[in-house]
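A quick write-up on the structure given underneath.
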Amino acid sequence: MATHIVSTWMRRVRVVRLRGEFDITSAAALATALAADASGPPLTVVDLAAADFIDCATVHVLQAEARRLKSRGGGLEVAAAHDGVERLLALVGFRNGSQVYGTVEQAVAALSAARRGSRAASYPD
């Protein structure tokens, strides 16, 4: 199955939508897509609603990007993961540092609120 990665913006938060099956063969493409557009606010939501499958290599990419964004004063959250994907995220400890939200809108709202609450952020709405 082909993989698709589409990046959009919602309220100064980058939303990266994944569709298809993501495994070790697509990990490099995902890492490149997540690292792209590093000039904007360091806030990213990864929408997994259409991700049929992810493996540990994919989770590793998400964790690495979450650390990179956190070092820049931002964050990465995951949204709309179906049960199997959410279970994998919990098993590998991804939820220890990030949240898994039911919808993209909830994740964007959480990151937006965190940004507004942080005096260190200098990214206007």
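The values are calculated or read from the model by the stated rules, or taken from the named source; none is laboratory data. Only a predicted model underlies this, so the values are computations on that prediction, with no experimental measurement involved. Don't worry about glycine lacking a Cβ; one is built from the backbone with ideal geometry, like all the others, and counts go over all protein chains shown.
Residue count for segment 91-104 under the criterion of being at pLDDT 90 or above and exposed (fewer than 14 other Cβ atoms within 10 Å of the Cβ): the result is 2. Among the residues making up segment 43-60, those that are surrounded by fewer than 20 Cβ atoms within 10 Å (Cβ to Cβ) and within 30 Å of ARG116 (Cα to Cα) are ALA49, ALA50, HIS60. Any residue at all in segment 21-38 that's surrounded by fewer than 22 Cβ atoms within 10 Å (Cβ to Cβ) and either basic (Lys, Arg) or part of a strand (DSSP E or B) (or both)? Scanning segment 21-38 turns up at least one residue that is surrounded by fewer than 22 Cβ atoms within 10 Å (Cβ to Cβ) and either basic (Lys, Arg) or part of a strand (DSSP E or B) (or both). When the test is whether a residue is modelled with pLDDT under 95, touching a strand residue (DSSP E or B) at 6+ places or on another chain (Cβ under 7 Å) and surrounded by fewer than 19 Cβ atoms within 10 Å (Cβ to Cβ), LEU88 passes it. Looking across segment 65-85 at every residue that is touching a helix residue (DSSP H, G or I) at 6+ places or on another chain (Cβ under 7 Å) and closer than 22 Å to ALA29 by Cβ, the one that is surrounded by the fewest Cβ atoms within 10 Å (Cβ to Cβ) is identified as GLU65. Residues of segment 105-114 include none that is touching an Asp or Glu at 6+ places or on another chain (Cβ under 6 Å), modelled with pLDDT under 90 and crowded, with 16+ Cβ neighbours inside 10 Å. The combined condition, being hydrophobic (A, V, I, L, M, F, W, C) and farther than 16 Å from ALA27 by Cα, is fulfilled by ALA50.
Pairs are defined by a Cβ separation below 6 Å, a sequence spacing of at least 6 or placement on different chains, a first member in segment 70-94 that is touching a residue at least 12 places away in the same chain (Cβ under 8 Å), and a second member that is basic (Lys, Arg) and outside any strand (DSSP E or B); the pairs so defined are LEU89/ARG95. On the basis of being part of a helix (DSSP H, G or I), of a type outside the set (Lys, Arg) and touching a Phe, Trp or Tyr at 6+ places or on another chain (Cβ under 9 Å), does ALA66 make the cut? Yes, satisfied.
Among the residues of segment 71-101, write down those that are of a type in the set (A, V, I, L, M) and outside any loop (DSSP other than H, G, I, E, B). Correct list: LEU76, VAL78, ALA79, VAL85, LEU88, LEU89, ALA90, LEU91, VAL100.
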